[in-house]
Amino acid sequence: MTANIGQGLRKNWKQFSLLVIINGFVGAMVGLERTILPEIAEADFSIAAKTAILSFITVFGISKALSNYYAGAMADRTGRRKLLIIGWIIGLPVPLILMLAPNWNWIIFANILLGINQGLAWSSTVVMKIDLVGEKNRGLAMGLNESAGYLAVGISAFLTGYIASHYGLRPYPFYMGVGFAIVGLISSIFFLDDTSHHVAHESSTSSLPLSKNVFVDTTWKDPNLGSVSQAGLVNNLNDAMIWGLLPILLASLNFNLIEIGKIVAVYPAVWGISQMLTGPLADRVSKKLLITLGMISQGFAILLFVYSHSFWHFVILSILLGIGTAIVYPTFMASISDNVHPQQRAKSIGVFRLWRDLGYTVGAILEGLISDIFSIDTAILEIGILTLISGLIVAFRMKNPGHIRS
């Protein structure tokens, strides 16, 4: 049966394109929160402590990280498509809870569900695209996948800020989310095929060794996989800062909701669009070099946020941060895929995404505590320094090229 299954973007462009669109809806679900949820915490629930405000990112990170891991572990047994559908079903109540929540605990619960939705749905679309395109176009596949997802995050973040500035923080900005979830679920059920046969076909020709312990190798033991995993964690650690602290910082500098929405939207929008270029680049240029440069450029952009005061300063830095993130994001998962056997790809990507998305939790806790004890500026400086250190770890530890697992 696998003899009739072929890999490649041209051969599988219909299913690949549908997955890109579906992942756009997955990303848009996160964008619902990125501009206005910290404002809702203060305006609707009178929460002032940064640790408490960032609690929604903490639980989101934990639930998404664990969902990523189990999605990877279950993908071969359950099927990628079934996991995607389950993810959408779990995400259906999220926008309704956000618009109707009577207290902050309901917001926390919504973010637990959102984390599970993102872990199952995003992981499934990632792995399915890699299954379809094969070895030569992994960077391109991840670039298109992450481009669609994060461009949708940026558009959704801007629209929620715009709607909130005209019609109030709730419920109107979250009406879009109901449509995102319904369309994503219907598309996944009625139009998408599973990719298990593509995995079987690739496995029959792979020369990569099977790992004895995928979790240990991906976490740290393998220099290539471990370097990527720590960089992924730090990348999402600084993304948590942009998500949670940047709107608060901008509000403290007297920017209005429309201006905050524009600044917050620039970063994921540039991140998304740029991956259409950086993804294919990862198929041609040293992945070690790209990840190192991307993390270091992120670190410098974050450090400069502390010294910015004008709207255009923040816009320019958000663009630079978006480009840096776009360089590393598709390269991360292309690197993981290059260094594991096809039969263990989903599990290894799940482990990587476990550590990467725990960065949200680590970042939210660190940023909240440092902001409350010292200041927001101190928290931002700390995140910038950690990002620079992460880039140096990749530069000195990751081996390139080739697979070197012992």
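The values are calculated or read from the model by the stated rules, or taken from the named source; none is laboratory data. Bear in mind that the values here come from a model prediction, so they are computed numbers and not experimental data. Cβ: placed from backbone, ideal geometry, glycine included. Neighbour counts: every protein chain shown.
Values for this structure:
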quantity	calculated
Every residue from the stretch 340-353 that is crowded, with 24+ Cβ neighbours inside 10 Å and within 13 Å of Leu225 (Cα to Cα)	Val340, Arg345, Ser348, Ile349, Gly350, Val351, Phe352, Arg353
Unmet requirement for Pro171, which otherwise passes all of (1) closer than 30 Å to Met99 by Cα; (2) crowded, with 17+ Cβ neighbours inside 10 Å; (3) modelled with pLDDT of 95 or more	(2)
Top-ranked residue in the stretch 19-54 [being small (Gly, Ala, Ser), modelled with pLDDT of 90 or more and touching a helix residue (DSSP H, G or I) at 6+ places or on another chain (Cβ under 7 Å); ranked as nearest to Met176 (Cα to Cα)]	Ala28
Members of the stretch 150-168 found to be at pLDDT 90 or above, in a helix (DSSP H, G or I), out of contact with any Ser or Thr (no Cβ under 7 Å at 6 or more places or on another chain) and not hydrophobic (A, V, I, L, M, F, W, C), listed by number	Ser156, Tyr162, Ser165, His166, Tyr167
Selection status of Ile370, more than 29 Å from Arg81 (Cβ to Cβ), in a helix (DSSP H, G or I) and β-branched (Val, Ile, Thr)	yes
Selected residue [under 25 Å from Leu354 (Cα atoms) and touching an Asp or Glu at 6+ places or on another chain (Cβ under 7 Å)] from Val234, Val199, Val228, Val216	Val199
Residue match in the stretch 113-131 (condition: over 29 Å from Thr278 (Cβ atoms) and surrounded by 17 or more Cβ atoms within 10 Å (Cβ to Cβ))	yes
Odd one out for Ala65, checked against (1) under 26 Å from Ala265 (Cβ atoms); (2) modelled with pLDDT under 90	(2)
Test: Asn254 is without any contact (Cβ under 8 Å) to a residue 24 or more places away in the chain and on the phi > 0 side of the Ramachandran plot	yes
Tabulated pairs, the stretch 28-51, first under 19 Å from Ser375 (Cβ atoms), second in a helix (DSSP H, G or I) and charged (D, E, K, R), C-beta under 8 angstrom, 6+ apart or interchain	Ala48/Glu42; Ala49/Asp372; Lys50/Glu367; Lys50/Asp372; Thr51/Asp372
Only one of Trp88, Trp13 that is free of Cβ contacts under 8 Å to residues at least 60 places away in the same chain, more than 24 Å from Asn235 (Cα to Cα) and among the aromatic types (Phe, Trp, Tyr)	Trp13
Residue list for the stretch 64-79, restricted to those being among the charged types (D, E, K, R) and within 18 Å of the chain's Cα centre (by Cα)	Lys64
Any hit, the stretch 386-402, residues being farther than 14 Å from Gln230 by Cβ and part of a helix (DSSP H, G or I)	no
One residue from Met99, Met74 being part of a helix (DSSP H, G or I) and within 20 Å of Ala41 (Cβ to Cβ)	Met99
Helices (runs of 4 or more DSSP H) contained entirely in the stretch 242-325, each with at least 2 residues that are within 20 Å of Ile336 (Cα to Cα)	257-281, 287-305
Near pairs, Cβ below 7 angstrom, 6+ apart or cross-chain, from the stretch 347-375 (within 19 Å of Pro247 (Cα to Cα)) to any residue that is of a type in the set (Phe, Trp, Tyr) and surrounded by 21 or more Cβ atoms within 10 Å (Cβ to Cβ)	Tyr360/Phe60
Subset of the stretch 251-280 (residues that are among the aliphatic types (A, V, I, L, M) and surrounded by fewer than 20 Cβ atoms within 10 Å (Cβ to Cβ))	Ala251, Leu253, Ile258, Ile273, Met276, Leu277
Condition check for Tyr70: farther than 21 Å from Val264 by Cα, surrounded by fewer than 19 Cβ atoms within 10 Å (Cβ to Cβ) and among the hydroxyl-bearing types (Ser, Thr, Tyr)	yes
Subset of the stretch 105-140 (residues that are modelled with pLDDT under 95 and among the aromatic types (Phe, Trp, Tyr))	Trp122
